[in-house]
1. When you go through 243, 230 one by one, which is the residue that is in contact (Cβ under 8 Å) with a residue 12 or more places away in the chain, within 16 Å of ligand 2 (Cβ to nearest atom) and of a type outside the set (D, E, K, R)?
2. Identify all residues within segment 22-38 that are open to solvent by 10 Å² or more (accessible area, probe 1.4 Å), in contact with a helix residue (DSSP H, G or I) (Cβ under 9 Å, 6 or more places away or on another chain) and either in a strand (DSSP E or B) or within 16 Å of ligand 1 (Cβ to nearest atom) (or both); write none if there are none.
3. If I filter segment 149-171 for residues that are aliphatic (A, V, I, L, M), more than 19 Å from residue 120 (Cα to Cα) and near ligand 2 (Cβ under 10 Å from one of its atoms), do I get at least one hit?
4. Determine, yes or no, whether residue 44 is within 14 Å of ligand 1 (Cβ to nearest atom) and more than 18 Å from residue 133 (Cβ to Cβ).
5. In segment 84-129, which residues are closer than 23 Å to residue 4 by Cα and open to solvent by 50 Å² or more (accessible area, probe 1.4 Å)?
6. Name every residue in segment 95-141 that is within 16 Å of ligand 2 (Cβ to nearest atom) and of a type in the set (A, V, I, L, M, F, W, C), in order of residue number.
7. Out of 153, 148, which single residue is more than 23 Å from residue 38 (Cα to Cα), of a type in the set (A, V, I, L, M, F, W, C) and modelled with pLDDT under 95?
8. Just one of 37, 10, 65 is in contact with a Cys (Cβ under 6 Å, 6 or more places away or on another chain) and within 17 Å of residue 107 (Cα to Cα); which is it?
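The values are calculated or read from the model by the stated rules, or taken from the named source; none is laboratory data. Here the structure is a predicted model, which is why all the values come from computation and not from measurement. For neighbour counting, all protein chains shown are included, and Cβ atoms are generated from backbone atoms with ideal geometry for every residue, glycine included. With ligands, DNA and RNA removed, areas are computed over all heavy atoms of the protein, side chains included. Shrake-Rupley method; radii C 1.70, N 1.55, O 1.52, S 1.80 Å.
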Amino acid sequence: MDLKDKVAVVTGAAQGLGRSFVEILLKNGAKVALIDVNKSVGDELKSTLDQEYGRDRTEFYTADVTSEEDFKGVWEKIVKAFGRIDILCNNAGIINEKHWEKTIAVNLGGVVRGTYLALEHMKKENGGNGGVIINISSMAGLGPLPMAPIYTATKHGVVGFSRAMAAVSKLANYGVRINILCPWFVKTSLLSNFNSEEHIEQTPPVKSVTESMMQTRGCLETDVVAKAFLVLVKDESKNGDALMIDPEGAVFITFPERAKDLRSTPVSLETDVVAKAFLVLVKDESKNGDALMIDPEGAVFITFPERAKDLRSTPVSLE
Ligand SMILES: NC(=O)C1=CN([C@@H]2O[C@H](COP(=O)(O)OP(=O)(O)OC[C@H]3O[C@@H](n4cnc5c(N)ncnc54)[C@H](O)[C@@H]3O)[C@@H](O)[C@H]2O)C=CC1
Ligand SMILES: CCC(=O)/C=C/C=C\C[C@@H](O)/C=C/C=C/C=C\[C@@H](O)CCCC(=O)O
């Protein structure tokens, strides 16, 4: 995809990764509509970008992605102001394990809302031009982050939702690619704020596991993650793909085509099988964190990769 004069929308654009995605899109010739709930930081960024790229390349809109009224209202303003939308980055996200309903509303609800709003406008059957949607998950969307089970759930949800919607878009010929970015820890305020006690419900051993991960492997800079984001935007062969990036580099994840293709161990069951399968999970005291899949061919324990890094993948150069 040639980005010259394409129109992009980025949520959570005022700082952190969102700001880096805005800047790399501008550097590649796109116009960008910035959406963020933080008006003051967003206004400040808009004036900075005006000086560097010109006043006509960006607009900033204050909106909360958890609000249908807010998000839809701003979306209609953007379509009216720019005339078209070719790229959407659903980036807005938080981490708060105590106020977990809000975390779900922003991280998953906001991505769903943005994806649906964009498809209504972008899909070819509605007279749209097609395009690409990039949903920002995390490596916590590919492997559990013990410090943040709710955050992990939302990011797994972003992966599952995006892969399913990419399949819908392909089958329905929407002309819209939907891809997923899964970064390791990145040096932003989300990460630094997370360490404040108000967020953490976890016991010290859990906290030390995560902090040692960051200390041993380091954290990414936002501009490196933005290069991975650009690969997903520009590579028109990618739809339903997840690009994972950590201090060792970027790799496309190879997911099993179907749940049945996951590595598994059979379990014997007789009649009324789903209840029998439930009982196996209740009674077998060796099982913790295990998933028992059951279909007409029987029941199998799924063997998940221990860590996101253990997933099959293909390296990508970011130069
Ligand atoms: N920082 C990290 O280590 C990683 C972050 N991510 C994901 O990247 C995305 C961006 O995170 P960061 O840049 O690190 O965070 P950040 O906190 O630096 O920036 C997030 C931006 O989203 C905005 N925002 C929050 N709630 C919103 C809402 N309801 N409506 C509109 N805007 C809202 C904030 O005002 C802020 O400007 C998030 O989805 C996060 O989960 C993924 C992997 C690693
Ligand atoms: C400091 C506490 C904390 O967890 C902060 C997290 C904040 C946001 C960053 C998040 O999106 C990054 C997640 C990175 C996850 C990395 C790998 C996961 O798959 C856990 C793997 C555990 C392992 O490798 O053993």
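1. On the way: 230 fails: within 16 Å of ligand 2 (Cβ to nearest atom).
One residue alone meets the criteria, 243.
2. 23, 24, 31, 36, 37
3. no
4. Values: within 14 Å of ligand 1 (Cβ to nearest atom): yes; more than 18 Å from residue 133 (Cβ to Cβ): yes.
When the stated conditions are applied, residue 44 passes them.
5. Answer for segment 84-129, where residues must be closer than 23 Å to residue 4 by Cα and open to solvent by 50 Å² or more (accessible area, probe 1.4 Å): 84, 124, 127, 129.
6. In the first step, residues of segment 95-141 are kept if they are within 16 Å of ligand 2 (Cβ to nearest atom); the result is 95-100, 102-104, 106-108, 110-111, 134-141.
Of everything in segment 95-141, those that are within 16 Å of ligand 2 (Cβ to nearest atom) and of a type in the set (A, V, I, L, M, F, W, C) turn out to be 95, 100, 104, 106, 108, 111, 134, 136, 139, 140.
7. Working: 153 fails: modelled with pLDDT under 95.
Testing whether each residue is more than 23 Å from residue 38 (Cα to Cα), of a type in the set (A, V, I, L, M, F, W, C) and modelled with pLDDT under 95 leaves just 148.
8. Numbers: 37 fails: in contact with a Cys (Cβ under 6 Å, 6 or more places away or on another chain); 65 fails: in contact with a Cys (Cβ under 6 Å, 6 or more places away or on another chain).
Checking each option against the conditions leaves just 10.
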